[in-house]
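Report on the structure given below.
The values are calculated or read from the model by the stated rules, or taken from the named source; none is laboratory data. Predicted, not measured: the structure shown is a model, and the values here were computed from it. With ideal geometry, Cβ positions are generated from the backbone for all residues, glycine too; neighbour counts draw on all protein chains shown. These area figures cover heavy atoms from the full protein model, side chains too; ligands, DNA and RNA do not enter into them. Shrake-Rupley method; radii C 1.70, N 1.55, O 1.52, S 1.80 Å.
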Amino acid sequence: MIKNQFVSAKKEDSNFLNLLMGHSHPGLRPIPIQSLNVGMTNEIVTFELVPLDQLRKPNWFIRFAGIIKLKSFILILFPFFFVLAKSGIQIGVSDPVSLFLAIIAVAFIFSGLNIRNDIVDHISGFDRVNISTSPKPILAGWATAYNLNKVSWALMICGLFVSLPVLLLQPLTIAVVIPVSLFILFGQFQKQNSYKNKFFGEFILFLIMGLGLVTGLQLASGGVVDFQTLVFGIFWGSLVQFLLHMNNFSHLMTSTQAGIKNSITRLGFDHAKLFLAFWWLGCLTVWGWYHFLFSFGEFWWGSSLVLVFVSILFFIRLLRIASPLGSELRKIQRFSYLLFLMMVAILFIEMIGTSWRL
């Protein structure tokens, strides 16, 4: 067995970016094991040069799922289900081909953006200083940032080509595709990960994953963007943003020490807790508003009471956290994700039930 080598590089060194992108001596892969002064001009990263035949890799499906973040696909699939259910309840999907092509295009672009997000987080240092509960493909050595960069652009270009027939079949989708594309391009050409590190970027994510995604799929189905679609878009964007804020909160200590700027680190520990509590309260308010306007039957009353009860437990656990140190921030982040899944499950059952009755 070859003994692993170690090398340190400063940000000013010519090989610094090459090492982060995965370039090293033939047969070796540089794995960052320590990062100091992240984001500063005097940043130093220590790499372990691991022989390729010594890298531990899971099976191809686990690698594939980790690279495209398959777990996060619920964020695009549930709006797709909403459009299907809403159209089925009303007049049916008038253009199923266009809708099917639209979700395929969204899946390609979403996969590409997820990969680019990992690359930017790796280069900027976000992933290198924040310990994640899920494996990071680049840090684990499953693939290099250089190769994944090419894969991400290929996926996004494929998504663009798949979306072209949608634009021809449903020309109104252009009104959504153009601004969303501009927002995506704005985020991709920033030196920092604008979706995480800038308030304006967080707002862009809210627009893309909420109103942009929902209204785009609705138009692709041949339907019209009505008030219900807009309210659901606001609701879904708020939920996605809540997950992002909770993820940033779980990394508050290390992100602050590394100088990473986002809404949570700017607020600080105590104010961030209040901010998150009010954000979830806002999500519950939009939930109630949506159901008051568009839901029929008694099921949502009982399910909403359960959701409110669990939310009270969330508020209590969140506000009782005394320090950003320890594991409590990770625990509350996991609790918030279960809360999100519960809300989605209730919506799913309600939509299925409404469609069945009609």
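Quick notes on this one:
- Gain on full stretching of the segment that runs from N42 to F292 - 0.36 nm per residue minus C-alpha separation: 84.5 nm
- One chain, two ends: L305 and S327. Fully extended at 0.36 nm per residue, the span grows by 5.0 nm beyond their Cα-Cα distance.
- Take every pair of alpha-carbon atoms less than 8 Å apart whose residues are at least six positions apart; their mean separation over the length of the chain yields a relative contact order of 16 percent.
- Axial C-alpha extent at least 20 Å, average Kyte-Doolittle at least 1.0 - helices from the chain (DSSP): 74-89, 96-124, 145-169, 174-188, 299-320
- For the listed residue pairs K136/K261; K261/K331; K86/K136; K71/K331; K86/K331, the alpha carbons are over 28 angstrom apart in K86/K136; K86/K331.
- Among G233, G210, G268, residue whose mean-square fluctuation peaks in a GNM of the chain (springs only between Cα atoms under 10 Å): G268
- Cβ-derived FRET efficiency at R0 30 Å, I349 paired with L70, nearest 0.05: 0.80
- Normalised convex hull volume, the range 1-135, alpha-carbon set, Å³ per residue: 152 Å³
- Rg/Rg_ref, the range 199-247, where Rg_ref = 2.2 N^0.38 Å and atoms are Cα: 1.17
- Per residue, the chain reaches -22000 deg cm²/dmol at 222 nm when only DSSP H runs of four or more residues are counted, each adding -39500 (n - 2.57).
- Per residue value of the accessible surface for the chain (all protein chains in place, 1.4 Å probe), Å²: 50 Å²
- Paramagnetic label zone (point 7 Å from Cα along Cα-to-C-beta, Q257; backbone N under 14 Å) in the range 13-35: 34-35
- A simple spin-label model places pseudo-atoms 7 Å from Cα toward Cβ; at L230 and R317 they are separated by 3.6 nm.
- About the Cα centre, charge dipole magnitude for the range 226-358 (Lys/Arg +1, Asp/Glu -1 at Cβ), debye: 480 debye
- Binned Cα-Cα distances of the range 195-319, short to long, each 10 Å bin given as a whole percent: 12, 36, 32, 17, 3, 0
- Remark: spin-label model distance L243-L169 equals 2.6 nm, labels positioned 7 Å along the Cα→Cβ axis.
- Relative contact order for the range 242-297, counting Cα pairs under 8 Å that sit 6 or more residues apart, in percent: 33 percent
- Local charge for L339 was computed over the other residues whose Cβ lies under 14 Å away, with Lys and Arg +1 and Asp and Glu -1, and equals +3.
- The range 68-153: Cα Rg divided by the 2.2 N^0.38 Å rule of thumb: 1.40
- Using the Cβ of Q218 as centre and a radius below 9 Å, the other residues enclosed give a net charge of 0, where K and R count +1 and D and E count -1.
- Distance histogram in 5 Å bins (all Cα pairs of the range 18-72, percent per bin): 4, 16, 16, 19, 19, 16, 8, 1
- Summed over all non-identical Cα pairs, the Kirkwood treatment of the range 248-358 gives a radius of 15.6 Å.
- Share of alpha-carbon pairs per 10 Å distance bin for the chain, given as whole %: 5, 22, 29, 25, 13, 4, 1
- Mean-position separation - Cα centroids, the range 75-154 and the range 5-34, in angstrom: 28 Å
- Accessible carbon and sulfur surface of the chain relative to its total accessible area, %, 1.4 Å: 70 percent
- GNM flexibility winner over the chain from E43, E12, E328 (Cα, springs under 10 Å): E12
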